[in-house]
Amino acid sequence: MSCVFLFLFAGTVWAEGYKKPVILVANFNHDDTMTEEEAAQMRTATLSRLRDGRVIIKDAATASEISAEIRRQIMKAQTAEEIVSLSEVCNLSVDYILTGGFNTLVVAQKEKEVVTYPKKGVKEVSIKYYWEASLNYSYKLLSIKDGSVVTSYASSTTSKDDDSGDKARAGVFKRGCIFLFSFYDAIAPLQADLVESDYVVEKDKLKSCYVMLGSEHGVCAGTELEVFKVRYIAGQEVLENVGYMEITEVVAPSLSKCKMRKRASGKEILSAIKENLKLQTTNPDARPLQVKVIGSVPSFWDKLP
C-alpha cells in the first residue's frame, strides 16, 4: 500500500459565503376526486420527501415570517405567477417557489394471474384480485427573480392493497411527489476541483480519497460523484469522464471521504491524477481534475414507502 495526497478545492460555485438555495413551498391545488384532508396529507408527504440537504425548505403554510394575510393569498393562489407578484414574497429570503397540483385519483379493482407448481410437472394458474389507487401530480419550480420556470415534472403515484379500495386509497396519500435528482441539480449543482493530497493507493489503484464537499453543501454518505479531466478542443473546455466515486463519510463541514464506485475507476482516476500533475509542471495554468455530484443520496430514496 502506498499513500499520496489529494484535495478537492471548491471552484467558484463553492466560494466562501456560498448560500444554499431556499425554496418556498406554496399551494398544491387538487380536484374533487379527493378531500381537503387527503390533499393536505399528500402535500405533507411531499414536504417530507423534499427535505434534501442541498436546499433549505420553507413551508408557506407555517413560515413565521409570512403574515397571515399573505399566507392566505399564497395558499389560495391559482398560479405560481400570482405568488411571485406578491411584494411580501419578493422581500422574503427565498430563491425559488414550488407549487403544483394533485388530480384524477382513480381507485379500481384489478386482477392478475398467479402461477404455482404444487407438484413436479404440474402448473396451476389462479386469479388474484387486488385494489390499486393511482393519483396524478405535477409541480414546477419558479425563480423568485423573474418568475421563470426553472424545472417542472409530472407523473403519478400508486398504492396497492389486497383487502380493500379504501386501504389502497389511503396508501397513495402517504407517498408524496417524487423529486428527481435533476430537480436539485438545476438549482444547486455541486462541483469541485481535484488536486493532489492525502489519498490511498492499493495494488496500483486509487482506493480512497477526500473531497472538499461536506455537510455545509448538503452531501452525505452515498452521494455519487463523477470525476473528469479537462481537455481543450478548438479552444473550448471539454470535460472527459475518468471514473466514479461515492462519499462514504462526511468528516467535516467541507470535507468527505470517498471510495471508488466502479472497478475500473480506481485505475483510471489514479492515472488521470498522475497525468495531470505531470502536465502542471510545465503548465501552471492547467485545470485540475473536476468532480461533480451526479446522484441523490440513498437516505433520500430510502424515504420511499
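What follows draws every value from the coordinates through simple rules; no lab data is involved. Since the structure is predicted, the reported quantities are computational estimates derived from the model, not experimental observations. Please note: Cβ atoms are built from the backbone with ideal geometry, for glycine as well, and neighbour counts cover all protein chains shown.
Listed by chain and number, the aspartates and glutamates whose alpha-carbon sits under 20 Å from that of residue 76, ignoring those within fewer than 8 places in the same chain, are 31, 32, 36, 37, 38, 59, 65, 88. Neighbour counts of C-beta atoms inside 10 Å place 153, 137, 232 in the sequence 232, 153, 137, starting with the fewest.
Translational diffusion coefficient, Stokes-Einstein: compute it for region 155-208 using the Kirkwood radius over C-alpha pairs as Rh, at 10 °C and 1.306 mPa s, and state it as an integer in µm² s⁻¹. D, rounded to a whole number, is 98 µm²/s. Stokes-Einstein diffusion for region 75-223, with the hydrodynamic radius set to the Kirkwood value over Cα pairs and evaluated at 4 °C in a medium of 1.567 mPa s, equals 63 µm²/s.
Dipole magnitude for the chain: about 1120 debye, using +1 per Lys or Arg Cβ and -1 per Asp or Glu Cβ, origin at the Cα centre. Taken over the Cα atoms of the chain, the convex hull encloses 205 Å³ per residue.
Roughly how many whole Å is it from the C-alpha centroid of region 258-281 to that of region 95-150? Result: 42 Å between the Cα centres. Does a label point 7 Å from the Cα of residue 140, set along Cα-to-beta-carbon, have any residues of region 182-211 with amide nitrogen under 13 Å, and which are they? Zone members listed by number: none at all. The GNM of the chain, with springs linking C-alpha atoms under 10 angstrom apart, assigns the highest mean-square fluctuation among 118, 284, 253 to 118.
The base-10 log of I(q)/I(0) for region 14-153, evaluated at q = 0.17, 0.21, 0.22 Å⁻¹, reads -0.95, -1.30, -1.39 [Debye formula, identical scatterers on Cα atoms, solvent excluded]. One equal scatterer on each Cα of region 133-288, no solvent, Debye formula: the resulting log10 I(q)/I(0) at q = 0.12 Å⁻¹ is -0.74.
When restricted to Cα atoms, region 133-172 yields an Rg and a Dmax of 15.8, 49 Å, respectively.
The modelled label-to-label distance for the pair residue 35/residue 221, using points 7 Å beyond Cα in the direction of Cβ, is 4.2 nm.
A Stokes-Einstein calculation at 37 °C with viscosity 0.692 mPa s, built on the Kirkwood radius of region 45-120 over Cα pairs, returns a diffusion coefficient of 203 µm²/s. Fully extending the segment from residue 239 to residue 103 would add 44.7 nm, taking 0.36 nm per residue of separation and subtracting the current Cα-Cα distance. Placing a pseudo-label 7 Å from each Cα along the Cα-to-Cβ vector at residue 19 and residue 117 gives an inter-label distance of 6.4 nm. Residue-wise HN-Hα couplings along region 208-216, as the Karplus relation 6.51 cos²θ - 1.76 cosθ + 1.60 with θ = phi - 60° gives them from phi, are 8, 7, 10, 10, 8, 9, x, 4, 6 Hz; Gly and Pro carry x.
Taking amide hydrogens as placed 1.01 Å from N in the peptide plane, the amide H of residue 102 sits under 5 Å from those of 29, 30, 31, each at least 5 positions away in sequence or on another chain. 222 nm [θ] for the chain, helices only, -39500 (n - 2.57) per DSSP H run of 4+, per residue, to 500? After summing the helix terms and dividing by the residues of the chain, the value is -6500 deg cm²/dmol. Seen against the Cα atoms of the chain and their longest principal axis, helix 265-282 is set at about 50 degrees. Basic side chains Lys and Arg get +1 at the Cβ, acidic Asp and Glu get -1 at the Cβ, and with that the dipole of region 116-265 about its Cα centre reaches some 800 debye. The residues neighbouring residue 113, those whose beta-carbon lies less than 12 Å from its own, together hold a net charge of +2 under the Lys/Arg +1, Asp/Glu -1 convention.
Which one, 242, 186, 63, is farthest towards the positive end of the dipole of the chain when Lys and Arg carry +1 and Asp and Glu -1 on their Cβ? Farthest towards the positive end: 242.
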